[in-house]
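Here's the structure we're looking at; comments come further down.
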Amino acid sequence: MLHLILFLFFGAICVAGAVNLLVQSHPINSALSLIVVMASLAAEYLLLGAEFVAAVQVIVYAGAIMVLFVITIMLLNAGAEQHTKGSRVAILIGVPGALIGAVLVAWTLLTRGHTGSVAMGALPGSPQDIARLLFHEFLLPFEITSVLILIAIMGAVVLASRPEAIARRHTESHQPDPLPQERQPAPQLVGSGKEH
Amino acid sequence: MTPNPYLWLIPILPLAGAAINGFFGRQSSKRAITAVALTFCGAAFAVALFIAFRFSSEAAPYYFDLAHWLRSGDFHVDFSFYLDQLSLVMMLVVTGVGFLIHIYSVGYMWDDDGYYRFMAYMNLFMFFMLTLVLAKNYLMMFIGWEGVGLASYLLIGFWFLKDSAASAGKKAFIVNRIGDFGFLIALFLMIKHFGTLDFPALFAKIQPLGVETAGAGLLTAIGLLLMVGAAGKSAQIPLYVWLPDAMEGPTPVSALIHAATMVTAGVYMVARSHVIFERAPSALTVVAIIGTLTAIFAATIGIAQTDIKKVLAYSTVSQLGYMFMACGVGAFSAGIFHLMTHAFFKGLLFLAAGSVIHGVGGEQDMRKMGGLRRYMPITFITMGIGTLAIAGIPGLAGFFSKDEILWKAYSQGSWVYWLIGVITAFITSFYMFRLMYMTFGGDYRGGSEHYEHSHNSHGHGHGDAHGHDAHGHGEPHESPWVMLAPLVILAFLSVVGGWIGIGGRFEHFLAPVFQSAPAAELAHETGGEGANQFTEKLLMGVSILAAFGGWFFAYLLYSSKPQLPARIARALGGLYEAVAHKYYIDELYAVLFVKPLIDGSTEILWHGVDQGVIDATVNNSAVAAREVSDEVRHMQSGNLRSYAGWVAAGGACVIAYMVWMGIR
Amino acid sequence: MVPLSYYLVLSGFLFVCGVLGFLIKRNIITIFMSIELMLNGVNLSFVAFAAQWHSLSGQIFVFFVMVVAAAEAAVGLAIIIAVYRTRETLNVDQVNLLKL
């Protein structure tokens, strides 16, 4: 009973956050709603007994990834969305498609999905067990993901750095590549926040 | 049957010569080309003589299996060669006359640019012809059959840059093909019902069968279809139309292929298939009727021709008719006898005509010749001997063979055949002596128009590039000895070649081949002959009369009273026009067959099927692809959200499908 | 005792919200956040199933999903910055040429 109430409570917060993400026009509001969603999901994980996952969710997702998003929003001085000419296809075909898919899945689950129930705190296992699993059966994916992160770091650094920085590095080693001149000066990276 | 290991050499030697000249001839000197061509052809003749000397009728027939070919269940066909008395005669004729004509061509074609090509083609023809006569089964014969048709096409259209020559080559090949179709169907029937095409095996299976009297039946069908093939190859009604046009080719070609050897392949084939024909009397009657009709029909056309080679061409068709008439009444050995003598004198006549043409610088119209006996004595004498032979003047070769046919036609056939044969002999004598008088008699009518290009409508023109234009004179001259020597040899053979038929020696020699007649026929043959010695002598007298009568009429019209022919032609009016235009048969065929075929092909097959269906399908599928992709292109707008929209829609479809599959 | 299907419905709802956000929103960063929302929905269903089958491997998989999401977010945002430098806009409709 308690489980159900708590589930519904946190579920409602989750739903509200998700809907708010869609509704808000300024990206910072959407980011904050997303943080709310993640926090409520962490609570759901706790309800299911996955403490470690919940902790990681808060630390990594809400704490690192969302911070990254917020930093970028502030860096780029993103403003409220303007209404430009969008894509008819996306609205006319995509949205109904997504909704139909959703309805189908929901219908299938609720009428035919004779799955069982979960109890509160049903998941077994302490972090030690998780760690043991991680470093025994899942060692290879673990190592590969570390390589993946490395690659992601390098990619992010290269993509986000300025062209002149790369050019300068090139001139130190050999003849400069004729990179195209920037048409306008780069925008103020340290925003004065005038457009918020 | 005894094996003979030398048989396969005879066809292969000319093939080697053809290959060497064909591949290397372009860079070789003319002497080298000549040496190769004559050596290999002569070698084949030498081997043939060698085999002939060692030929023994007791050991005959000889055979040689070269290699396996087809094996399909019980049916098998091999590359095998076969030599009995019949093929011995054919082989000697082909190699001997062929070798002489090769020597002649050295002189005739020396100045032609395509000299090596000519020699290669001639050797190739020898290979195919020898394969035909030495084959041990019908399929090998068919290889030779088709091959000589190919060689004929190549050689008729030798001066291929000339439209008329190329068309004549095509016409020959196509009309031959029609005959080959009949031949093929006959082969299929044989395979189906007898399971073999090998001569000894096949004839052994047919031998015990009785005579089909109802006029219908398997053997009659086979016989008629074989006759279709023979009519195509040997230029009988209705498929003779290619042979006069084939005179577009160089004269040695006309001599070798269209007089002595290729056109006789049909006669040889009918003689070889005598076992079948003897048991299908209605087919045999058809053969006789076709032969007889062709003989007189072609002879009448020959009267009005003005081109010297065309006269000889129609004469060939007519003489082939004689051979088929002989086979048609069951006198196969008489037909082969006439084949042999005809090879001698017709080959001689064509080669001599070539010598005449060479001597007058390319002119072929007899109206522009005349008086050539003074300029070309040797040609005149040899051609005269050939004319005497073909007319059936007693003592020469043609007399014996033609008389044999006429007697057999009367005694084994019916007096109708004999009568038509005699009339044809009269006409033959007439037009041959007409040719002689117009060409050699009187005074030379040519010369002034020699340099004009309008000299004849047969377009000998620039294509006759054997250098007499380079002689640059208006006077006819004798040909070089390399061309005259074969003439002399053939003239000698035209005189003595018939003497081996005296007393029935030739027939006796060939008897073992033709001894397979069903019992009823044998009785008929022996019963009739003994009592009719007097009739035979009487009929011989009639044919001699016809021969001399024709000579006399020719003398009358073309030597003593030269104004008569024109008056007679005017008096006959339309009839003469019809004869002069070959009874408009070519025009008739054009209207009945050629034009509908071409129009149908153009309209239905070309515009309708090829352009309308096939091209349209390919083009329209390309157009359709382009139009579809034109529409689909709009999906790639570069807009991220529309992509996402399509993905979402696609995902919904997949989910719907999975749900539906789960529900089912 | 909550039926598993409730969790799955919630997870599906989050996913659908993510899809709709991807389709509707015009700001690149917001679209990115919708992707993260989709990933979260999937994570929830992983954990829910893991809870039903009492399996630890489901949680392990969630870790990996998170790691990948983090890497992807890093690289994606770097791309967004690079795009912003040249295009001067965060409107996804104006980023429709393959040429930069």
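What the table shows:
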item	result
Calculated P(r) of the stretch B:255-353 - Cα pairs past 21 Å, %	31 percent
Cα-based Rg / Dmax (Å) for the stretch B:86-242	18.1, 59
Cβ-based exposure ranking for A:E164, B:E507, in which fewest neighbours within 10 Å come first	A:E164, B:E507
Inter-chain Cβ neighbour average for residues C:85-94, partner chain, 10 Å	6
Average silhouette area of the stretch A:15-121, convex hull of alpha-carbon atoms, in square nanometres	8.8 nm²
Bins of 10 Å, starting at 0 and running to the largest distance - Cα pair percent for chain B	3, 15, 24, 24, 15, 7, 3, 3, 3, 2, 1, 0
Of B:I178, B:L100, B:V613, farthest towards positive along the dipole that unit charges on Lys, Arg, Asp, Glu beta carbons give chain B	B:L100
Geometric extent, Cα atoms of the protein assembly as shown - Rg, Dmax (angstrom)	50.3, 145
Rounded to 10°, Cα long-axis angle of helix B:519-529 versus longest principal axis of chain B	30 degrees
Zone residues, the stretch C:73-99, relative to A:V158, backbone N less than 15 Å from point 7 Å out along Cα-to-Cβ	C:75-76, C:78-79, C:82
Using alpha-carbon coordinates, inclination of helix B:115-134 to the longest axis of chain B, degrees	80 degrees
Size-normalised alpha-carbon gyration radius of the stretch A:127-168, reference 2.2 N^0.38 Å	1.82
DSSP-assigned coil residues among GluC sites (Glu not before Pro) in the stretch A:1-94, each with at most 10 further Cβ atoms within 10 Å	none
Estimated inter-spin distance, B:L545 and B:E603, nm [label 7 Å along Cα→Cβ]	5.8 nm
Where Rh is the Kirkwood radius over Cα pairs, Rg/Rh for the stretch C:9-100	1.10
Listed residues B:F45, B:W407, B:V659: farthest to the positive end of the dipole of the protein assembly as shown (Cβ charges)	B:W407
Cα→Cβ-extended label distance, 7 Å offset, between A:L110 and A:I71, nm	4.3 nm
Charge dipole magnitude, Cβ of K and R +1, D and E -1 - the protein assembly as shown, Cα centre, debye nearest 20	560 debye
Pair B:D74, A:A12: separation of 7 Å Cα→Cβ label points (nm)	9.7 nm
Only Lys, Arg (+1) and Asp, Glu (-1) charged, at Cβ; the stretch B:1-145 dipole about Cα centre in debye	320 debye
Translational D in µm²/s for the stretch B:25-123 (Stokes-Einstein at 20 °C, 1.002 mPa s, Kirkwood Rh from C-alpha pairs)	136 µm²/s
Dipole magnitude (debye, nearest 20) for the stretch C:4-94, charges at Cβ of Lys, Arg, Asp, Glu	120 debye
Listed residues B:M90, B:A649, B:G195: farthest to the positive end of the dipole of the protein assembly as shown (Cβ charges)	B:A649
Cα long-axis angle, helix B:533-555 against chain B (0 to 90 degrees, to the nearest 10)	80 degrees
Relative contact order for the stretch B:356-427, counting Cα pairs under 8 Å that sit 6 or more residues apart, in percent	15 percent
At 0.692 mPa s and 37 °C, Stokes D of the stretch A:1-62 from Kirkwood alpha-carbon radius, µm² per second	277 µm²/s
Expected 222 nm ellipticity per residue - DSSP helices of 4 or more, -39500 (n - 2.57), all of chain B, to 500	-21500 deg cm²/dmol
Local net charge near B:A135, Cβ-Cβ under 14 Å (Lys/Arg +1, Asp/Glu -1)	-3
P(r) tail fraction, the stretch B:207-310 - alpha-carbon pairs more than 18 Å apart, %	53 percent
DSSP-defined beta bridges in the protein assembly as shown - what % are antiparallel, rounded to 5	90 percent
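No lab work stands behind these numbers, since they all come straight from the coordinates. No experiment lies behind these values; they were computed from the predicted model shown. All Cβ positions, even for glycine, are placed from backbone atoms using ideal geometry, and neighbour counts span all protein chains on display.
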